[in-house]
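The values are calculated or read from the model by the stated rules, or taken from the named source; none is laboratory data. The shown structure was predicted, so the numbers you read here are calculated from the model rather than taken from an experiment. Reconstructed Cβ throughout: ideal geometry from the backbone, glycine too, with neighbour counts over all protein chains shown. Remember, those area values only see protein heavy atoms, side chains included, never the ligands or the DNA or RNA. Shrake-Rupley method; radii C 1.70, N 1.55, O 1.52, S 1.80 Å.
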Amino acid sequence: MKNIIYLIFLLISNVNYSQDYRSPEYQKLRFDEAITCIKNNELERATMILYFVNNINSTNDLGKMALKKADSLVPIAQQKIRKNLVGTWILFESGSNWGFETEKDTLIKKILIITEKDFQFYERNVKTKENKLIKKEKTTFTKYRDMRDACFDFVFSDKSIWSFYINKDTNVLRQIYTGEETKDGRTEMVCGNTELNYNKSD
């Protein structure tokens, strides 16, 4: 009997949550949250929330307004990301959430130079200071949104998708593999992702 009552309670709770989640009041609450993020210059977060607002109800005025505002914010937020990443970075470890391996202190250092136009991957001879270009990729964002409604990952020429961001607490640049572009959209990897971590060069 207790089990039946518990199941009924869960069912009622889920129905109430679903109704609240789809309610105009909740949609307006999240829209206002996005506006606050815009005022605080948190443009990436704002766009994700606005797309979510549109997903709640894409046919009412608020949903349509949210979609229009999100689409207009995306290129501004993407340009902000490009500017923040600019610099020369030295790889110090690589791995995944299963574990990391520190780069060995050898004569060759792996260097990443980021401009607003491209990612330049080099191997640097520590003695001669000579840089050997390994590959170059454009700073092109994937056109597909991920499960968080974010479209701030970069797509490389081989269709691999990478997230680049700087940890504000450690000033470490993190490069994380998040999936692949396909003819139908994008795949998304959420566990065991390849990750490369860089310190900024002096």
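For a quick check of your reading of the model, give me the residue pairs whose first member lies in segment 112-125 and is farther than 18 Å from ASP202 by Cβ and assigned to a loop (DSSP other than H, G, I, E, B), whose second is open to solvent by less than 20 Å² (accessible area, probe 1.4 Å) and among the polar types (S, T, N, Q), with beta-carbon atoms closer than 7 Å and at least 6 apart or on different chains.
Partner pairs satisfying both residue conditions: GLU116/THR139; LYS117/THR139.
Is it the case that segment 140-147 has a residue that's under 30 Å from ASN54 (Cα atoms), part of a strand (DSSP E or B), in contact with a Cys (Cβ under 8 Å, 6 or more places away or on another chain) and touching a residue at least 60 places away in the same chain (Cβ under 8 Å)? Lay out the reasoning, then the answer.
So in segment 140-147, the residues under 30 Å from ASN54 (Cα atoms) come out as 140-147.
Adding the requirement that they be part of a strand (DSSP E or B) leaves 141.
Subsequent filtering for residues that are in contact with a Cys (Cβ under 8 Å, 6 or more places away or on another chain) retains 141.
Remaining after also requiring touching a residue at least 60 places away in the same chain (Cβ under 8 Å): 141.
Yes, there is a match, as at least one residue in segment 140-147 is under 30 Å from ASN54 (Cα atoms), part of a strand (DSSP E or B), in contact with a Cys (Cβ under 8 Å, 6 or more places away or on another chain) and touching a residue at least 60 places away in the same chain (Cβ under 8 Å).
Please specify each residue of segment 164-189 satisfying the condition of being of a type in the set (A, V, I, L, M, F, W, C) and either loosely packed, with under 10 Cβ neighbours inside 10 Å or not in a loop (DSSP other than H, G, I, E, B) (or both). Let's see the steps before the verdict.
Our first condition is that a residue be of a type in the set (A, V, I, L, M, F, W, C); within segment 164-189, this holds for 164, 166, 172-173, 176, 189.
Selection gives PHE164, ILE166, VAL172, LEU173, ILE176.
If you take the residues of segment 126-139 that are assigned to a loop (DSSP other than H, G, I, E, B) and of a type in the set (Val, Ile, Thr), which of them is nearest to GLU181 (Cα to Cα)? First the steps, then the outcome.
Quick first cut of segment 126-139, residues assigned to a loop (DSSP other than H, G, I, E, B) only: 126-130, 139.
Adding the requirement that they be of a type in the set (Val, Ile, Thr) leaves 126, 128, 139.
On the way: VAL126: 36, THR128: 39, THR139: 15 Å.
That would be THR139.
Only one residue in ILE161, ILE111 is out of contact with any Phe, Trp or Tyr (no Cβ under 6 Å at 6 or more places or on another chain), hydrophobic (A, V, I, L, M, F, W, C), closer than 23 Å to ILE81 by Cβ and modelled with pLDDT of 95 or more, so which one is that?
Details: ILE111 fails: out of contact with any Phe, Trp or Tyr (no Cβ under 6 Å at 6 or more places or on another chain).
After applying the criteria, what remains is ILE161.
Looking at segment 46-87 only, could you name the residues that are open to solvent by 40 Å² or more (accessible area, probe 1.4 Å), polar (S, T, N, Q) and touching a strand residue (DSSP E or B) at 6+ places or on another chain (Cβ under 7 Å)? Reasoning before the result, please.
In the first step, residues of segment 46-87 are kept if they are open to solvent by 40 Å² or more (accessible area, probe 1.4 Å); the result is 48, 52, 55, 57-61, 64-65, 67-69, 71-72, 75-76, 79-80, 82-84, 86.
In the following step, the residues that additionally are polar (S, T, N, Q) were identified as 55, 57-60, 72, 79, 84.
Of everything in segment 46-87, just one residue is open to solvent by 40 Å² or more (accessible area, probe 1.4 Å), polar (S, T, N, Q) and touching a strand residue (DSSP E or B) at 6+ places or on another chain (Cβ under 7 Å), namely ASN84.
Are any residues in segment 16-45 β-branched (Val, Ile, Thr) and open to solvent by 70 Å² or more (accessible area, probe 1.4 Å), and if so, which ones? If you could, list the steps in order and put the result at the bottom.
Residues of segment 16-45 β-branched (Val, Ile, Thr): 35-36, 38.
Once the filter is applied, which keeps residues that are β-branched (Val, Ile, Thr) and open to solvent by 70 Å² or more (accessible area, probe 1.4 Å), segment 16-45 yields only THR36.
Can you pull out the residues in segment 190-202 that are exposed (fewer than 14 other Cβ atoms within 10 Å of the Cβ) and not in a strand (DSSP E or B)?
If we filter segment 190-202 for residues that are exposed (fewer than 14 other Cβ atoms within 10 Å of the Cβ), which is where we start, we get 190-192, 200-202.
Correct list: VAL190, CYS191, GLY192, SER201, ASP202.
Yes or no: segment 153-163 includes at least one residue that is open to solvent by 80 Å² or more (accessible area, probe 1.4 Å), within 21 Å of ARG45 (Cα to Cα), out of contact with any Ser or Thr (no Cβ under 9 Å at 6 or more places or on another chain) and assigned to a loop (DSSP other than H, G, I, E, B).
Our first condition is that a residue be open to solvent by 80 Å² or more (accessible area, probe 1.4 Å); within segment 153-163, this holds for 157-159.
Now drop any that are not within 21 Å of ARG45 (Cα to Cα), which leaves none.
No, because not a single residue in segment 153-163 is open to solvent by 80 Å² or more (accessible area, probe 1.4 Å), within 21 Å of ARG45 (Cα to Cα), out of contact with any Ser or Thr (no Cβ under 9 Å at 6 or more places or on another chain) and assigned to a loop (DSSP other than H, G, I, E, B).
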